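Here is the structure we will look at, set down as structure tokens.
The values are calculated or read from the model by the stated rules, or taken from the named source; none is laboratory data. Bear in mind that the values here come from a model prediction, so they are computed numbers and not experimental data. As a convention, Cβ positions derive from the backbone with ideal geometry for all residues, glycine included, and neighbour counts pool all protein chains shown. What goes into the accessible areas is simple: the full protein's heavy atoms, side chains included, and nothing from ligands, DNA or RNA. Shrake-Rupley method; radii C 1.70, N 1.55, O 1.52, S 1.80 Å.
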Amino acid sequence: RRVRTFSFRALSSVASPSSLSDDYVWTEADPSLQCACRLTDNFFVRRLRMHVSFDGTREAFESAYADALEGLSEEDIAEILAELRAERRRRETHFAEARERRAFVKARYRALHPDVFTLNPEAHLDARFRELASACRRALADRAKRESDAKATVTNECADVIRQRPAGVFAFPVFSELFCRKVREECAHFERSGMPLTRPNTMNDNGLLLFELGMYEKTLDPFVRDYVAPVASALFGDGDDFSSETTSPTIFEKPKNARRSPGATTIDHHRSFLVRYDAATDRELDLAYHYDDAEITLNVNLGGKFEGGELLFGGSGEDARFESHVSSNRTPVTHHEGVGIMHRGAHCHEATPTESGKRVNLIAWCRSSDARRRR
């Protein structure tokens, strides 16, 4: 991954991507939505299998995590600190460099399946998901008129489409088989192309940001706006109350009123990326226990032949640092091709190791500008 990023800098000298016009409004990069904690909190250290906070100083880090670092050599600790400093620098320059990479890709990349870059609901979305989104819109309109229970209405009307287990975790078909296959192939084609790419976040090293691939404007933005947002609002909107919520807990504390869902009714942007799990490599075989930087998360399995890789959910808003990692304390959710799992971002979860084969998942961290400005 780092080599690919450096190669972008070399290639960019040929034709500066910053000179390319681009008037796309990237809401995620809006400074008013950025918390200062983005530069200090929620760093995942793979060696420790845990998230940490890091203010840039060795002294504070070693003091805060003395127990976790016990038994490690000086070389091991130095390597962890180098990793943390590199991640902090990446976060400081992320938005500017991501725009450059996106412009570079836009000017040079030749897509394998151009049709996946413009949402075609009839071809790309499962018919049952389109029906679910329609049912949610009707239920929300009805609730606005006479205060009906949108969630109960939808789960009753679409009982053969939607499944809830455990509480607060919903599974339903999302993408068509054709779309899943084409996106998997597009992902592989992009990685072979030599285009620049970066890892999605500190936990996921094997994947790519779909903003940089150019799938936001005509595919994922309308997908989230017209389909995911109404479903999230209907299923989680009853808990959307800002009056007493803490919507951005640190890794050290439980969110207050964790079963509520601040921002669920006002989803207006997203951070979406692909993650690959490949048992043939040593990378990304599982995912440690964590919560997401999202009001609502939609995780769609795009397929691949594999065994293992179950999602395991703990209690909503459990403390991810001190919670046991014993799998028997979790509720397993099997993830089939084309099926999406929707849950609160604060609902802690993990993925078991992919035992054989490989799979690709599309993750949409759905966010609310309104909720984030109220923090």
Worksheet item: Scaled to the compact-protein estimate 2.2 N^0.38 Å, what is the alpha-carbon radius of gyration of region 86-190, rounded to two decimal places?
Response: 1.52
Worksheet entry | Using a Förster distance of 35 Å, the FRET efficiency for T331-R374 (Cβ separation, nearest 0.05) | 0.70
Worksheet item: Using only Cα atoms, what is the ratio of the radius of gyration of region 155-202 to 2.2 N^0.38 Å?
Response: 1.76
Practice prompt. Could you sort 188-194, 348-354 so that the peptide with the highest average Cβ count within 10 Å comes first and the rest follow in order?
Written response: 348-354, 188-194
Worksheet entry | Stretchable slack from R146 to E307, in nm (0.36 nm times residue separation minus alpha-carbon distance) | 53.3 nm
Worksheet, complete the sentence: Of the listed links K182/K305; K182/K358; K151/K305; K151/K218; K106/K218, those spanning more than 24 angstrom between alpha carbons are K151/K305; K151/K218
Fill in: With every protein chain in place, region 174-219: carbon and sulfur % of accessible area (1.4 Å)
50 percent
Practice prompt. Set Lys and Arg Cβ to +1 and Asp and Glu Cβ to -1, take the dipole of region 41-164 about its Cα centre, and tell me which of A103, F117, Q164 lies farthest positive.
Written response: F117
Item to complete: Rounded, prolate or oblate: pick one for region 42-125, where a ≥ b ≥ c are the square roots of the eigenvalues of its C-alpha gyration tensor, a/c under 1.5 means rounded, and failing that, prolate if a/b is larger than b/c, else oblate.
Response: prolate
Worksheet item: Computed FRET efficiency, Cβ-Cβ of H189 and A107, R0 22 Å: what is it to the nearest 0.05?
Response: 0.80
